[in-house]
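Contents: one structure, followed by commentary.
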Amino acid sequence: DTVFRPLLERYGQEPSILAWDVINEPEWIKTLRLDELRAFLEESVSLVHASTLHPATIGSAGAGWRDFYKGLGLDFYQVHWYDSLTHQPPLDTPVTDLGFDRPVLLGEFPTRGSRRSPASIVETARAAGYSGAFYWSVLARDECSA
C-alpha cells in the first residue's frame, strides 16, 4: 500500500512502460515460506492488473521453476538463462515442450562469460520459440556483462 500502489497509480497509464516486472528472481528469497511468497506475488500481480494498462510478469531465475508461477495471472513468463544455472532445461528446449500457458520471454542472458556468444543465445532462443530476449546488462560491471 505504501510502495507498489502509489507507484502503479502514478505510472499505470504511462505509454513508455512495456510491462511491470513484479520482482526479479524471487527463487533466491530465503526469508519467506513458498506459500507466503506465492501469496505476495499473486497480490502484486492483481494490483498491477487493477491499477495499470500494462501486463505483469516476474523475472524467474530459470525455466526450471515454471510450475511455481502458473496460476498467478501473469500475462507472460520471463525466464533467465545462464550457463552456470544447473538443473534447468537447456536453452534450446522448445518453449512448447516446457508447458507454459502464456508467451515466454528470455528476460536475462549473459553477454560475457558464456560458452555461447550473445548472437548465438538470441538465435537459439528464437529457434526455441521465445517471444524475445533481453541481455544482462547495459550498465553492470560484472562477470556476465560485456
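Per-structure values
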read-out: For the chain: relative contact order, % (alpha-carbon pairs under 8 angstrom, 6 or more apart); value: 18 percent
read-out: Amide hydrogen neighbours beyond the local backbone of Leu105, cut-off 5 Å, H modeled; value: Tyr77, Gln78, Val79, Ser131
read-out: Leading residue at positive end of dipole, the chain (Cβ point charges), from Val95, Phe76, Ala39; value: Val95
read-out: Along principal axes, Cα extents of the chain, largest first, whole Å; value: 44, 30, 29
read-out: Cα lying deepest toward the dipole's positive end in the chain, options Asn24, Gly64, Ala146, charges on Cβ; value: Ala146
read-out: Cut-off 12 Å between beta-carbons: net charge of the residues surrounding Gly113, Lys and Arg +1, Asp and Glu -1; value: 0
read-out: Within a Gaussian network of the chain (alpha carbon springs, distance under 10 Å), most fluctuating of Ser51, Ser84, Ser114; value: Ser84
read-out: Two-decimal log10 I(q)/I(0) for the range 43-97, as the Debye equation yields it once each C-alpha is a single scatterer, q = 0.15, 0.26 Å⁻¹; value: -0.49, -1.04
read-out: Phi-based couplings in Hz for the range 25-35 (Karplus 6.51, -1.76, 1.60; Gly and Pro marked x); value: 6, x, 4, 8, 6, 10, 8, 10, 6, 4, 5
read-out: Rounded to whole Hz, the Karplus (6.51, -1.76, 1.60) HN-Hα couplings of the range 15-23, x for glycine and proline; value: x, 7, 8, 6, 6, 9, 8, 4, 7
read-out: For the range 118-133, Karplus couplings with θ = phi - 60° (6.51, -1.76, 1.60), whole Hz, Gly/Pro x; value: x, 4, 5, 5, 4, 5, 5, 5, 4, 5, 7, x, 5, 7, x, 8
read-out: Centroid-to-centroid separation of the range 1-39 and the range 93-126 [C-alpha atoms, Å]; value: 23 Å
read-out: Unit charges on C-beta of K, R, D, E only; dipole of the range 15-127, Debye; value: 260 debye
read-out: Whole-number accessible area per residue in Å² for the range 35-146, which is evaluated in the context of all protein chains at 1.4 Å; value: 51 Å²
read-out: Set of the range 45-74 residues, backbone N closer than 15 Å to the point 7 Å along the Cα-Cβ line of Thr93; value: 60-70
read-out: Protein accessible area in the range 12-113, 1.4 Å probe - carbon and sulfur %; value: 55 percent
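The values are calculated or read from the model by the stated rules, or taken from the named source; none is laboratory data. Predicted, not measured: the structure shown is a model, and the values here were computed from it. All Cβ positions, even for glycine, are placed from backbone atoms using ideal geometry, and neighbour counts span all protein chains on display. With ligands, DNA and RNA removed, areas are computed over all heavy atoms of the protein, side chains included. Shrake-Rupley method; radii C 1.70, N 1.55, O 1.52, S 1.80 Å.
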